[in-house]
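Participant: Sending over a structure as structure tokens; questions will come in a sec.
A short reminder: the numbers here are calculations on the coordinates, not readings from a lab. Please read these numbers as outputs of a predicted model, since none were measured by experiment. So basically every Cβ, Gly included, is an ideal-geometry build from the backbone, and we count neighbours across all protein chains shown.
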Amino acid sequence: MTIFELAAELGRALKNDDKLIKLAQAKKKYEEEHELQKMLVEYEVQQKALQVELTKEERDTMFIDVIQKRINDLYDAVMNHPVFIELNDAQAEVNELMNAVNNTITFEITGELPSCTHDCSTCGGGCSH
């Protein structure tokens, strides 16, 4: 097999991994969660309104405070939304998996794991530690 055929095979195997399936499901839920999407749109609008107000020569500090409070409230609501948390957790698991795969490939090439901590729970294995 060529390197690209092996890479395609690895890609197909990764696509079927539970972590990537879980991420795809979390993304779908995220995209379909209308309450969360409305908050994200409002967050962007409030950010733009804040930027406009901050560029004015004569700023309305009370208005800026109101906008900033709303931005902070929206940020907290988004970050604590169960669907957003699920998506972040799923993405973190996939990132961990991809780092482990890359570390394994690097080990096979160089004989050393990048940033090896000698704690096998932090990588995908492939070494004798």
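Participant: Computed from these coordinates, which is Cα Rg over 2.2 N^0.38 Å: (i) 1.20; (ii) 1.57; (iii) 1.02?
Facilitator: The value computed from this structure is option (ii).
Participant: Using θ = phi - 60° and the Karplus curve 6.51 cos²θ - 1.76 cosθ + 1.60, what whole-Hz ³J(HN,Hα) does each residue of the stretch 60-68 get, with Gly and Pro shown as x?
Facilitator: 9, 5, 5, 5, 4, 4, 5, 4, 4
Participant: Another question, then. Taking the Cα centre of the chain as origin and charging only Cβ (+1 Lys, Arg; -1 Asp, Glu), how large is the dipole, in debye to the nearest 20?
Facilitator: Computed about the Cα centre, the dipole is about 200 debye.
Participant: Now, a different point. In degrees, nearest 10, range 0 to 90: what is the angle between the Cα axis of helix 3-15 and the longest Cα principal axis of the chain?
Facilitator: Its long axis makes an angle of about 60 degrees.
Participant: Which of rounded, prolate, oblate describes the stretch 1-52, given a ≥ b ≥ c as roots of the alpha-carbon gyration tensor eigenvalues and a/c under 1.5 marking rounded, otherwise prolate only if a/b is larger than b/c? Numbers along the way, then the final one.
Facilitator: Details: a/c = 6.92, a/b = 2.42, b/c = 2.86.
Oblate is the answer for the stretch 1-52, as a/c is 1.5 or above yet b/c matches or exceeds a/b.
Participant: Give the residue from GLN37, GLN51, ALA77 lying farthest towards the positive end of the charge dipole for the chain; charges sit on Cβ (+1 for Lys and Arg, -1 for Asp and Glu) and the dipole is referred to the Cα centre.
Facilitator: GLN37
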